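Read through the structure below, which is laid out as structure tokens, and then see the notes.
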Amino acid sequence: MKIKLLPKFILSLAVLAIVLTVAISLFSYNTSKVYLEGMYADRVTVNSKAIASMLDLEDVRTILAPDGERSEAHARLTVLLNKLKAEGEVTFLSLVVPDEDSVTFYIDAMVPEMGDDPANQLPYGSDIPYVEAASDEADLKNYQIIWEQYQRNLGLDEPVITDNAYGYNYTGVAPVLDESGRAIAEIQYILDMNGVRAFLNSVLIRMLLISFAITIVAMLIYVIFVRKAVTLPIGKLAKFTKEITASDSFADQRSDIHTGDEIESLSDSFNYMLDEIREYMDNLSHVTAEKERIGTELALATRIQADMLPNIFPAFPERDDFDIYASMTPAKEVGGDFYDFFLIDDSHMGRVMADVSGKGVPAALFMMIAKILIQNFAMTGRNPSAVLEKVNEQICKNNREEMFVTVWFGVLDLDTGRLTAANAGHEYPVLKRPNGEFEIIKDKHGFVIGGMDGVRYKEYTLQMDPGSVLFLYTDGVPEATNAENELFGMERAVAALNADTNRSPQELLQGVTAAVNEFVGAAPQFDDLTMLAINYIGKREGPAVLTFDAVIDNIPKLTDFINERLEAMDCPMKAQMQIDVAIDEVFANIANYAYPDGTGSATVEFEERQDPHGITLTFIDSGIPFNPLEMKDPDTTLSAEERSIGGLGIFMVKKSMDDVSYRYEDGHNILTIQKNF
């Protein structure tokens, strides 16, 4: 369906209006955001340092000493911090002393008039572990950074920004330093930034509405102008053109448009064109018909040739044991080179690289015949030499034009990587073995296909281990010629391949093509440029599986086995330590409780994951059914003597791992843990 010019103008203007509205609004929003966040960041940092510096050291020492809560200094500083909290509208203001694993609160400012709930005030001497205070790993890391700075007698030069279950806050930390510059406590200064966020969101909404209204008005004015000055005259000219086309007559036809601009000039040019067309119509009809016939035939031949070759990549998206890519750039509209690849069965792939003598349509027709014959005979299960012999036999029967084709044909066993191939006068293949470089394989050559009846072909085998790459090509690559009549040659081709041996097949072919184009320069292409590359990946390995007797003594063996693989994956040390703890806890539970009679085994499956990067560990035992995830988490706020026995180990596993799941299936307890790096 055709769309008129005016709706196109309106649509383009609408898109422009939306883009401008969004751009202006986002610019305003971002400007305000940068300004406000910077201002509040400075406020948090400067105020926390100012409060820390104004505190009396003797008062602070008295508060930190035993029974400091009952001292006048405590009462005096509490009043001061409450006043500063109220005057500065501070969300949380506290005098604390951090250590490696927790932070102890000595004054937690509380101003009920600001909406503070006294029930939430932290009592004097409250020791809060970081793992309880932190809402996630990032929050825990912030506590660790504050502790590291405190050890260096430093605070934070910029606030810690948190946006989690505790809210959107800016936290400033400044140490209270004694006469020698050593930190004895610190001020925590926290501002709730949700109000700032709400203000920024309102700014964004207002700017969207204002900008949209302005652009809509401007668009309406512009549409009225365009309709009068452009679309109506052009529509009149289009209607005139349509009437001429419908009447099929050019006699006494004139366009009458007077706009005083380029549209009027276009109308005059159109009238002149009508006169020229009428004068030369008879001669042009014959020439046009002939050109259309030739062009149609060439275009059809090009499409047929392109459709005959595999040209959709990835060619086998469901397969992960190989990666293949091919390309052909004909020297003329149609070429004589061709490639092909196809699955003979689920574990064998046939690959063809061929070059027909000659160029143009005859070579393309001969190419199609040869391609069909090769694939048909290959699908019967014949070996490569037998396939080439049968194809040669068929082509020699009716080869009056005495055309021939060079062919390299190979069959790859996708299970073993064994390649069986035969060469009928074609170029040498190039092979890269795993962790090696591309090298030319000087294989056994037979006579060309179609050159002589009764030819016998020899075949050979190559072993392609996982990571091997095979590169096939026609003589258009080494015989590409520059303006000085110098050949590109195989030495440059192999160098282009070895420029980066870790590239995908598609990238390899693009690299060779770029090298050829750079070498040839402005010289014309005289031969087809056809290439194919396949990377043999091989079968993917499954997870590593180990089975041990379910006894405590086997935990070090399992841990060593897992750690070897973690180190090969560049696993962070912290994650490795957490995994080791999880292995110890889970395997110990199986060893101690799964088998009442004390005999049994445990199977552990280790699997590396890429998205997200990490590992999956699965623990399987056939002991009594037991879901450890149903155990109630221990109350870590109680002392060790007050807590009930059990549950702490699996609680630590759940806290340190990214996912923990359990199922009972076919008489087996199956516990799966995942850790992302």
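Tally Lys and Arg at +1 and Asp and Glu at -1 over the other residues with C-beta under 12 Å from the C-beta of Phe316: what net charge comes out?
-4
Taking H as built 1.01 Å from N, whose amide H comes closer than 5 Å to the amide H of Thr474, not counting residues under 5 places away?
For Thr474, the qualifying residues are Thr530.
What's the carbon and sulfur percent of the chain's accessible surface, probe 1.4 angstrom, rounded to a whole number?
Reported share for carbon and sulfur atoms: 55 percent.
Report the extension gain between Lys458 and Glu484 in nm, rounded to one decimal, defined as 0.36 nm multiplied by the number of residues separating them, less their alpha carbon distance.
So the chain would gain 5.5 nm between Lys458 and Glu484.
Between Asp475 and Asp345, what is the spin-label point distance in nm, taking each point 7 Å from the Cα along the Cα→C-beta axis?
3.8 nm
State the antiparallel share, in %, of DSSP beta bridges confined to the chain, rounding to the nearest 5.
Of the beta bridges lying entirely in the chain, close to 100 percent run antiparallel.
For an R0 of 25 angstrom, estimate the FRET efficiency from the Cβ-Cβ distance between Ala165 and Tyr124 and round to the nearest 0.05.
0.40
Measure of size requested: the Rg and Dmax of the chain, with Cα atoms as the atom set and Å as the unit; please supply both.
39.8, 117
Quick one: net charge around Val203, please, counting Lys, Arg +1 and Asp, Glu -1 for every other residue with C-beta under 12 Å from its C-beta.
+3
Taking 7 Å along the Cα-to-C-beta vector as the label spot, tell me the Met573-Met39 distance in nanometres, rounded to one decimal.
4.5 nm
Can you give the local net charge around Leu57? Use residues other than it whose beta-carbon is closer than 12 angstrom to its beta-carbon, Lys and Arg +1, Asp and Glu -1.
-3
Rolling a 1.4 angstrom probe over the protein heavy atoms, how many square angstrom per residue are accessible across the stretch 75-201?
Value returned for the stretch 75-201: 50 Å² of accessible area per residue.
Could you calculate the contour length gain from Val46 to Thr245, that is, 0.36 nm times the residue separation minus the distance between their Cα atoms, to one decimal place in nm?
63.7 nm
May I ask which of Lys359/Lys458; Lys390/Lys444; Lys539/Lys654 have a Cα-Cα span longer than 24 Å here?
Over 24 Å apart, Cα to Cα: Lys359/Lys458; Lys539/Lys654.
Take every Cα pair under 8 Å in the stretch 17-171 that's 6+ residues apart, average their separations, divide by the length, and report that relative contact order as a whole percent.
17 percent
Please check which bits of the stretch 82-107 a label hung off Arg76 would reach, taking the label as a point 7 Å along Cα-to-C-beta and the cut-off as backbone N under 16 Å.
82-83
What is the spin-label model distance, in nm, from Asp268 to Glu69 if the labels are put 7 Å beyond Cα along the C-beta direction?
Each label point lies 7 Å from its Cα, and together they span 10.0 nm.
Taking the highest mean first, how do the peptides 100-113, 412-425 order by number of other beta carbon atoms within 10 angstrom per residue?
So the order, starting with the most tightly packed, is 412-425, 100-113.
Could you state the angle between the C-alpha long axis of helix 384-397 and the longest principal axis of the C-alpha atoms of the chain, as a value from 0 to 90 degrees rounded to the nearest 10?
30 degrees
Any chance you could tell me what percent of the C-alpha pair distances in the stretch 562-622 go past 14 Å?
Percentage above 14 Å: 60.
Please give the residues of the stretch 72-88, grouped as numeric ranges, whose backbone N is less than 20 Å from a label point set 7 Å along the Cα-to-Cβ vector of Met114.
Zone members listed by number: 74-88.
With the Cα gyration tensor of the stretch 358-504 giving a ≥ b ≥ c as the square roots of its eigenvalues, does the rule (a/c under 1.5 for rounded; else a/b larger than b/c for prolate; else oblate) give rounded, prolate or oblate?
oblate
Over the chain, what is the relative contact order in percent, taking alpha-carbon pairs closer than 8 angstrom and at least six residues apart?
Relative contact order of the chain: 8 percent.
Could you give the length gained on full extension between Glu402 and Met308, defined as 0.36 nm per residue of separation minus the Cα-Cα distance, in nm?
Full extension of this stretch gives 31.5 nm more.
In deg cm²/dmol, rounded to 500, what helix-only [θ] at 222 nm does the chain give when every DSSP H run of at least 4 residues adds -39500 (n - 2.57) and the total is split over its residues?
Value at 222 nm, helices only: -14500 deg cm²/dmol.
The values are calculated or read from the model by the stated rules, or taken from the named source; none is laboratory data. Fair warning: this is a prediction, and the values are worked out from it, not measured in the lab. Note: ideal-geometry Cβ built from the backbone for every residue, glycine included; neighbour counts use all protein chains shown. With ligands, DNA and RNA removed, areas are computed over all heavy atoms of the protein, side chains included. Shrake-Rupley method; radii C 1.70, N 1.55, O 1.52, S 1.80 Å.
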